[in-house]
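A short write-up of the structure that comes next.
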Amino acid sequence: MQSSLDTEKPISSGSISGSDSVGFLIGQRVHFVGDTRRIGTVKYVGAVEGYGGNWVGVDWDNGDGKHDGSHNGVRYFEAQGPKSASFVRPHNLSSGFPLLKALELRYHGESTKEEEDEMYVLSASNKRVSIELLGKDKIQNKLSQFEELTSASLAYLGVSSAGAPGHINTTIPRLKELDLTGNLLSDWREIAAICKELPALVTLNLSYNIMSHNISGMPLLNHINVVVLNHTGIGWKQVEMLKDSIPLVEELHLMGNKLRGITPLSSDIVHGFHSLHLLNLENNFIAAWDEILKLSQLKRLEQLFLNNNCISHIWYPDHNPLSEPPNSHELLGESFRPFQNLCCLLVGGNKIEDFSSIDTLNLFPNLLDIRLSENPIADPRKGGVPRFVLIARLAKVEILNGSQVSPRERKDSEIRYVRLVMSKCQDNPEEIKKLHPRFAELKKFHGIEDEKAATGATGPQKMSSSLISITLKCVAASIGEKVPLTKKLPATTTVGKLKILCESFFKIKSVKPKLFLQEEVTSSAKPLAHYMLCK
């Protein structure tokens, strides 16, 4: 038997499998018997030249196959990759089983001897000592009372259908959260049948089930609030078809679906989703910000996750010098501003490299939480700017890249930013106004004066105008009391340089100095490094 035909023997399992005399349907989802994580799609059923009996051509989700759908020069089907497919005997494949069968396996099943043999620790003499989970029987007994279950995880258990009508409702009537990640579900009618029998269901996770693009005839499921459809292969067209069935959805997760655009069915912008406050579009292929603007009229949208897409430029409607929004009159409306309630925008891991994209974030009415990490503009190693510049340019941000922006950090960042701009663009006010929109505002707010020398000033006079007065006091008990010293130092003096100067001023050689700053408005003192922006 040549290598492109799968002759592996299945691991002993309770899975329901096919037989050589019963075929599978093209497009059907299957897993290898005994390995519920090895999932694929049936692409061919029939004979293979040179081999007897029936074979099933499977294109494996994880790409772990032996060929591309051809064998010995004969093309049987097209696979997703050069080695993602293989031919398998029908009895080595499982078409899955109903949800309640999986539930019983998950929560009623006893540990096998093999599993219990693997539960051990090594003694000091390197011998195996069997262990038993404390309270295991009590936990299993509680979980086995299905009517009390409010949450169930049935990930990677081979679920392919709802089963007989009425059985789910009578068995788990109180279920609120259901995780069906990585099963064999693809038909939305089966999803509808499951949800209709779970009136208390609030959260449904269908991630890693390759779902059909045909979503016709879905019933109203107005009790569902959270829907997770990560890596299910659906496009926005299917999302539009689903929205009328889940009118009260509050969270919608669509990660990893290779989405390139937002395609409303009957308008230039997305309507409906009246309860949606979180939309997760991470790990897709969206490049144009125009696509994201189609979401700008979702009135309850508060959190928009766009990490790891291909976005290179952000703009706000009617404030973009490069492009015009699609149907801008429809976008803006009269009583609702675009993205009016958006308070969290995550755009990390994109291709943003321009300051105009940063500055335009100030136009979003309520945006407080922003992620920009892993963009060229936010990576100093790639020519980007450090955190303090981003904070200074973003007037309202309270959380940046997952970290809280404290009042102290904002003040220090804004002052440092103003001084940085002054040092680089002092002689070009027009350039400052164009490239640094918040400069004048921040300079005035913090009372920062221009560092200009008087007319006819000499070199030393220019230098003295940039000095600051600082009083140094040595408080080390082991050294004894020293007379405080008042010195004028350049404003650019770092903590490291100041330590060296203190060693010289107070003649201390054997002690490593630690500096504290005591402000005039308070008697408390903190390490000077706490206040400094760089050393």
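What Kirkwood radius, in Å to one decimal, follows from the Cα pairs of segment 32-95?
In segment 32-95 this quantity evaluates to 11.6 Å.
What is the gain in length, in nm to one decimal, between Ser469 and Glu148 on full extension, counting 0.36 nm per residue of separation less the C-alpha to C-alpha distance?
Details: separation 321, 0.36 × 321 = 115.56 nm, distance 7.14 nm.
Net length gain for the segment: 108.4 nm.
Heads up, I need the accessible area for Arg410: 1.4 angstrom probe, whole protein in place, Å², nearest 10.
Answer for Arg410: close to 40 Å² accessible.
Could you give the accessible area per residue of segment 192-295, probe 1.4 Å, as a whole number in Å²?
Dividing the accessible area of segment 192-295 by its residue count gives 38 Å².
First select every other residue whose beta carbon is under 11 angstrom from the beta carbon of Arg37; then total the charges, Lys and Arg +1, Asp and Glu -1.
Within the 11 Å Cβ shell, the charges total -2.
Tell me, what is the 1.4 Å probe accessible area of Lys473, in Å² to the nearest 10?
The value for Lys473 is about 140 Å².
Past 25 Å, Cα to Cα, is the threshold; run Lys411/Lys482; Lys243/Lys294; Lys196/Lys237; Lys396/Lys499 against it and keep the listed order.
Numbers: Lys411/Lys482 33 Å; Lys243/Lys294 16 Å; Lys196/Lys237 23 Å; Lys396/Lys499 36 Å.
Over 25 Å apart, Cα to Cα: Lys411/Lys482; Lys396/Lys499.
What is the packing order of peptides 428-438, 286-296, 220-230, taking the mean over residues of other C-beta atoms within 10 Å and listing the highest first?
Details: 428-438: 13.9, 286-296: 20.0, 220-230: 17.7.
So the order, starting with the most tightly packed, is 286-296, 220-230, 428-438.
May I ask you to give the percent of accessible area on segment 180-261 that is carbon plus sulfur, with a probe radius of 1.4 Å?
Numbers: 1610 of 3070 Å².
That share works out to 52 percent.
How far apart, in nm, are the 7 Å Cα→Cβ label points at Lys499 and Thr263?
For Lys499 paired with Thr263, the spin-label model returns 6.1 nm.
Grab the beta carbon distance between Leu25 and Arg381, set R0 = 56 Å, and tell me the FRET efficiency rounded to 0.05. List each step's numbers first, then the result.
Working: r = 52 Å, r/R0 = 0.94.
Rounded to the nearest 0.05, the efficiency is 0.60.
State the antiparallel share, in %, of DSSP beta bridges confined to segment 165-323, rounding to the nearest 5. Present the calculation step by step, with values, prior to reporting the outcome.
Numbers: 0 of 15 bridges.
Within segment 165-323, antiparallel bridges account for around 0 percent of the total.
The values are calculated or read from the model by the stated rules, or taken from the named source; none is laboratory data. Since this is a predicted model, take the numbers as computed values, not measurements. Here the Cβ is made from the backbone with ideal geometry for all residues, glycine too, and neighbour counts use every protein chain on show. All accessible areas refer to the heavy atoms of the entire protein, side chains included, with ligands and DNA or RNA removed. Shrake-Rupley method; radii C 1.70, N 1.55, O 1.52, S 1.80 Å.
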